[in-house]
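One structure below.
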Amino acid sequence: MSYRELVVELAQTDAQALSDILLELGALSVTVEDAQADTLDEKPLFGEPGHEPTHVAWQHSKLSVLIAESDEPALLLSAAANQLGLTSLPPYHVREVPQQDWVQLTQAQFEPIPIGQRIWVVPSWHVLPPSAPKDALLLALDPGLAFGTGSHPTTRLCMEWLEATVTTGHTVLDYGCGSGILAILAKKCGAAHVVGIDIDPQAIAAARRNSEQNQVEVLYHLPDEAQPAQFDLVIANILANPLKQMASMLCANIRPGGQLALSGILEHQIDELILHYARWLKLSVWRTAEGWVCLTGQRLPADHL
């Protein structure tokens, strides 16, 4: 089947309503973006958890509407505009969508990823490259709904820290486990007991599937299902504001003398995170990558708290 894409630009007040009407009239999909993206006038729309977004809608939106080749773009847009009560059609243009093997195209975007000294993240449709070391730590992981494929700098930083830190017999807590990539790696690095926690049931399901695929045993829980415990290593790759809100809880999960690693932190947020965690441990920069940072620290002995 062949497709075309109808690209429409319009004011913020009409974007969502027009999207809904176009879908009702038979559009296959509608993507709404900032019409001024990648310019000096681009406006961030979504804020970090704990902070309200500055803008609730873009001033000018661009709708990319996927339609079948048999559909007439002008008639579809005209019908939608009439339903919305617009007095004239917004500016638009049409571009052809070439026929492609979409499965193959999607898979081609995900190649094996080398990380650290020995880690390789390999999608199921690839094999371990010949350039990988004989003692490679292979993680068989496909992209999915849960965050964590090794492509993001924060994930790589955490994986490098685990590779350098985990030793045989360690217990590890991965808080905000997403796809389970960090928990799985900890197990493959020799950890004796690993627990992953996430607030998203879909992430828990994905992490369990990924652990089975990698033939490692990790216990995954939603937060209210987890039993109180302390671990040698606690790692959390989330964002700065949630990490501040969870400081007491995360540090309570570290045994005295155990270590904490935090990522999802931008370089300009380093000082506030270090200050926020100073009651429990002294954080310092372990490594940075592309503007992101991994902070680490050792929990103070019990008599120092």
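Scanning segment 154-181 for residues that are open to solvent by 10 Å² or more (accessible area, probe 1.4 Å) and under 17 Å from P112 (Cα atoms) yields R156, E160. Checking segment 256-279 against the condition returns a match, with at least one residue being more than 24 Å from the chain's Cα centre (by Cα), closer than 22 Å to G180 by Cα and among the small types (G, A, S).
Taking the criterion of being in contact with an Asp or Glu (Cβ under 9 Å, 6 or more places away or on another chain), modelled with pLDDT of 85 or more and not β-branched (V, I, T), would at least one residue in segment 132-139 satisfy it? Spell out how you get there, then give the answer.
Here is the first cut: in segment 132-139, the ones in contact with an Asp or Glu (Cβ under 9 Å, 6 or more places away or on another chain) are 137.
Now drop any that are not modelled with pLDDT of 85 or more, which leaves 137.
Among the residues that remain, those that are also not β-branched (V, I, T) are: 137.
Yes, because at least one residue in segment 132-139 is in contact with an Asp or Glu (Cβ under 9 Å, 6 or more places away or on another chain), modelled with pLDDT of 85 or more and not β-branched (V, I, T).
Of the residues making up segment 159-166, at least one is at pLDDT 95 or above and in a loop (DSSP other than H, G, I, E, B). Of everything in segment 140-153, what is among the aliphatic types (A, V, I, L, M), surrounded by fewer than 17 Cβ atoms within 10 Å (Cβ to Cβ) and either farther than 19 Å from E212 by Cβ or modelled with pLDDT under 85 (or both)? Give them in sequence order. The answer is L145, and nothing else. Take segment 104-126 and flag every residue that is of a type in the set (G, A, S), assigned to a loop (DSSP other than H, G, I, E, B) and modelled with pLDDT under 90. Hit for segment 104-126 is S124, nothing else.
Checking each residue in segment 276-291 for being part of a loop (DSSP other than H, G, I, E, B), open to solvent by less than 60 Å² (accessible area, probe 1.4 Å) and in contact (Cβ under 8 Å) with a residue 40 or more places away in the chain picks out only G291. Residues in segment 209-220 that are under 20 Å from I119 (Cα atoms) and in contact (Cβ under 8 Å) with a residue 24 or more places away in the chain were compared, and the one that is surrounded by the fewest Cβ atoms within 10 Å (Cβ to Cβ) is E217.
Matching residues to (1) among the hydrophobic types (A, V, I, L, M, F, W, C); (2) within 23 Å of V122 (Cα to Cα):
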residue: G190; (1), (2): no, yes
residue: V194; (1), (2): yes, yes
residue: D200; (1), (2): no, no
residue: N253; (1), (2): no, no
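Spot the failing condition for N214; the list is (1) out of contact with any helix residue (DSSP H, G or I) (no Cβ under 8 Å at 6 or more places or on another chain); (2) farther than 30 Å from I274 by Cβ, and only one is missed. In the conditions (1) out of contact with any helix residue (DSSP H, G or I) (no Cβ under 8 Å at 6 or more places or on another chain); (2) farther than 30 Å from I274 by Cβ, N214 misses (1) alone. The strands (runs of 3 or more DSSP E) located wholly in segment 203-273 that include 2 or more residues which are touching a Cys at 6+ places or on another chain (Cβ under 7 Å) occupy 231-237, 254-266. Within segment 221-240, the residues that satisfy the criterion of being among the polar types (S, T, N, Q) and open to solvent by 50 Å² or more (accessible area, probe 1.4 Å) are Q227, Q230.
Residues of segment 234-254 that are touching an Asp or Glu at 6+ places or on another chain (Cβ under 7 Å) and among the polar types (S, T, N, Q): N241 alone.
Of the residues contained in segment 83-103, none is found to be at pLDDT below 95, open to solvent by 30 Å² or more (accessible area, probe 1.4 Å), hydrophobic (A, V, I, L, M, F, W, C) and under 20 Å from E212 (Cβ atoms).
The values are calculated or read from the model by the stated rules, or taken from the named source; none is laboratory data. From a predicted model like this one, the values you see are computed outputs, not experimental measurements. Every residue, glycine among them, receives a Cβ derived from its backbone with ideal geometry; neighbour counts consider all protein chains shown. Ligands, DNA and RNA are excluded from the accessible area calculation, which covers all protein heavy atoms including side chains. Shrake-Rupley method; radii C 1.70, N 1.55, O 1.52, S 1.80 Å.
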